[in-house]
Amino acid sequence: MAVPIRPQPRTLGDSLRQNGVSRRGFLKFCAATASMMALPPSMAPAIAAALEQARRPSVIWLSFQECTGCTESLTRSFSPTVENLILDIISLDYHHTLQAAAGDAAEHAREQAMHENAGNYLVVVDGSLPGPGSNPGFSTIAGVSNLQMLQETVAGAAAVVAVGTCAAFGGLPKAAPNPSGAVAVSDIIKDKPVINVSGCPPVPMVITGVLAQYLTFGTLPELDAYNRPMAFFGQSIHDRCYRRPFYDKGLFAETFDDEGARKGWCLYRLGCKGPMTYNACATMKWNGGTSWPVESGHPCLGCSEPDFWDAGGFYNAMSVPVGDSGNVLLAAGAGGLALGVGASLLGRHKRAAAKAGHETVTADELEQKL
Amino acid sequence: MMSSMDFLLFTKGPLFQVAIAIFVLGILIRLVEIFALGRSRNFAEPRGGQVIPGLKTVYKRFNPDPGTFRRAPFDVVVGTVWHIGFIVALLLFIPHVEVIKATVGLAWPGLPNPVVDAVTAITLLGLIAALIHRLTHPVKRFLSTPEDYVIWAVTFLPVLTGYIAYHRLVNPYPLALGVHILTAEIFLIVLPFTKLTHIFTAVVARWFNGANFGRKGVQS
């Protein structure tokens, strides 16, 4: 009888210990998660206890019209981090980029996970999908259209997490002219909770934070108007930006190599979309807390907001209108001149006609008429 | 349902194009009509030049004559303050400079945000004071037409919404900014067809007065 060399971890706690994560490291992660979710520090032990006992939830990860950047973001986070291990530890039963199985075996894994965990599994989606009105052949997996696969898979799910701006809002595929008729997950799924974790890509810890909250409380996080977790998307980049004092003082970099840029002044005039962008970059940073776009001297692109590809040039200040104002001005100017000349000609004509039509009358003539 | 981002992109995009088109079309029709109509020929011999006296009068009428100031100090002081404040906030706030640069290609240095912020606050107070004065002063009230109240609102709203957006008093920010842009667009659309045309014609009318003085050889 074959004896397993290592017992299969039953809970998250077992699995973390098996992977060599210290108790201290684990509690630090719980404290960070608590503060990220704006919970009091006293909640950290509760999170720890819940995560310790959490059963590995089954996660089915569907990748549709995407660039794999979201998966890269997640897997390239500093290794081995607790975030990484949490991901190892959820039962990631289907992820066609990461799984070893291919073809029928892969699709079989998805169907099996759906069957065995009916009603309890999480579906993570990255990438948009061709909408019901467009050609389903634009994006298929194993001959199944994205739309059909999403509807089938989500039918038995507990909740859906739309990871990345493509899944959350349509992203790049949906940018004008949207050749594939791309839609967001929430455009299709109306009867299940959909959590949007937007960003291009999203901060890895935001993804694990949402999963941690689900494991801890068994509930979904508080969401904003775009169904994004308030804990991570509650504040704008601008409000948490360390360069904000320069904005308030009116000190701006005007090119990428001027004095202001070297001194780290505000990047508003270089196109920073921080004031309209809600994300956690300014507080959680990237690459294990090394830096983030604004810190490296590049304006925020607003990647966690809907339609950010079509929201004007990345290097145009946020106030700058979208579209070809110059030609509109020229056309309107020419039209205005022409109509103005026309109006004045009409006026002159009226004046001339009045002059020509003027009849002199004498007092006698008037009296005769009376 | 339209999200706040959709709304912002609508006001920044198509609506802005419509607004500047109506504004340019309208204001050019009005001005060209006035200029091209011409004046009847003056047969009197000119006693001096017209250009310099015209410009002199444009400048001089910024100073109220003592009689006007004595009769209506409130109107002179508050009117001057909020007009200057409005122009400073409009033309010297950095995001506005960026809009003008992107639209017509002209740019100039702006003022630090806190300065514009203070000026905006004073402008708001000035506009509110002007409205209260208009409503409480019996003669002003009698003379006021509905149009006067409309253009007060059209002028007041961009300043108010700009203040709200700058201080992020309304969330989400795209909504606050979108509303500000929308009110500015209403201002642009309404401008050529109301008393707001004085922004362009006041200077022309003053110059014409001064030029007449010059032609007649009297002090301008």
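Table for the structure above
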| item | result |
| --- | --- |
| Matching residues in region A:34-49 - criterion: being of a type in the set (Ser, Thr, Tyr) and at pLDDT below 75 | A:Ser35 |
| Subset of region A:140-170 (residues that are of a type in the set (Gly, Ala, Ser), in contact with a Pro (Cβ under 9 Å, 6 or more places away or on another chain) and buried (at least 21 other Cβ atoms within 10 Å of the Cβ)) | A:Gly164, A:Ala168, A:Gly170 |
| Single residue of A:Ala352, A:Ala282 found to be among the small types (Gly, Ala, Ser), more than 7 Å from every other protein chain (Cβ to nearest Cβ), outside any loop (DSSP other than H, G, I, E, B) and in contact (Cβ under 8 Å) with a residue 24 or more places away in the chain | A:Ala282 |
| Residues that are under 10 Å from A:Trp265 (Cα atoms), in contact with a Pro (Cβ under 8 Å, 6 or more places away or on another chain) and more than 10 Å from chain B (Cβ to nearest Cβ), drawn from region A:236-251 | none |
| Checking A:His358 against (1) surrounded by fewer than 17 Cβ atoms within 10 Å (Cβ to Cβ); (2) assigned to a helix (DSSP H, G or I), the condition it does not meet | (2) |
| Residues of region B:100-115 that turn out to be more than 7 Å from chain A (Cβ to nearest Cβ) and in contact (Cβ under 8 Å) with a residue 40 or more places away in the chain, as a count | 0 |
| Within region A:258-279, considering residues that are among the charged types (D, E, K, R) and farther than 23 Å from B:Asp6 by Cβ, the one farthest from the other protein chains (Cβ to nearest Cβ) | A:Arg262 |
| Members of region A:41-62 that are crowded, with 20+ Cβ neighbours inside 10 Å and among the small types (Gly, Ala, Ser) | A:Ala48, A:Ala54, A:Ser58 |
| B:Ala118 vs. criteria surrounded by fewer than 16 Cβ atoms within 10 Å (Cβ to Cβ) and either closer than 30 Å to A:Gly326 by Cβ or modelled with pLDDT of 95 or more (or both) | yes |
| Residues of region A:288-319 that turn out to be surrounded by fewer than 21 Cβ atoms within 10 Å (Cβ to Cβ) and of a type in the set (Val, Ile, Thr), as a count | 1 |
| Search result, residues across region B:1-10 that are more than 9 Å from every other protein chain (Cβ to nearest Cβ) and in a helix (DSSP H, G or I) | B:Phe7, B:Phe10 |
| Segments classed as helices (runs of 4 or more DSSP H), wholly inside region A:164-277, with at least 3 members that are without any contact (Cβ under 8 Å) to a residue 60 or more places away in the chain and out of contact with any Cys (no Cβ under 9 Å at 6 or more places or on another chain) | A:185-188, A:259-262 |
| Index of the failed condition, B:Gln50 passing every other in (1) buried (at least 17 other Cβ atoms within 10 Å of the Cβ); (2) farther than 30 Å from A:Arg269 by Cα; (3) within 14 Å of chain A (Cβ to nearest Cβ) | (3) |
| Every residue from region B:16-46 that is more than 7 Å from chain A (Cβ to nearest Cβ), surrounded by fewer than 18 Cβ atoms within 10 Å (Cβ to Cβ) and part of a helix (DSSP H, G or I) | B:Val18, B:Phe35 |
| Filtered residues of region A:199-223 (kept if more than 25 Å from A:Ser91 (Cβ to Cβ) and out of contact with any Pro (no Cβ under 8 Å at 6 or more places or on another chain)) | A:Cys200 |
| Test: residue in region B:73-90 that is closer than 30 Å to A:Lys350 by Cβ, surrounded by fewer than 16 Cβ atoms within 10 Å (Cβ to Cβ) and more than 10 Å from chain A (Cβ to nearest Cβ) | no |
| Criterion: over 12 Å from the mean Cα position of the chain (by Cα), surrounded by fewer than 16 Cβ atoms within 10 Å (Cβ to Cβ) and of a type outside the set (D, E, K, R) - qualifying residue of A:Pro193, A:Pro173, A:Pro204 | A:Pro193 |
| Pairs where the first residue, in region B:163-177, is within 10 Å of chain A (Cβ to nearest Cβ) and hydrophobic (A, V, I, L, M, F, W, C) and the second is surrounded by fewer than 20 Cβ atoms within 10 Å (Cβ to Cβ) and part of a helix (DSSP H, G or I), C-beta under 6 Å, 6+ apart | B:Ala176/B:Ile164 |
| Condition check for A:Gly289: within 11 Å of another protein chain (Cβ to nearest Cβ), at positive phi and part of a loop (DSSP other than H, G, I, E, B) | no |
| Tabulated pairs, region A:323-341, first facing chain B (nearest Cβ under 7 Å), second surrounded by fewer than 16 Cβ atoms within 10 Å (Cβ to Cβ), C-beta under 9 angstrom, 6+ apart or interchain | A:Gly323/B:Pro14; A:Ser325/B:Val104; A:Val328/B:Val18; A:Leu329/B:Val104; A:Gly340/B:Phe35 |
| Failed condition for A:Gly131, given (1) at pLDDT below 90; (2) more than 16 Å from the chain's Cα centre (by Cα) | (1) |
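The values are calculated or read from the model by the stated rules, or taken from the named source; none is laboratory data. If you're wondering where the values come from, they're calculated on a predicted model, not measured in any experiment. All Cβ positions, even for glycine, are placed from backbone atoms using ideal geometry, and neighbour counts span all protein chains on display.
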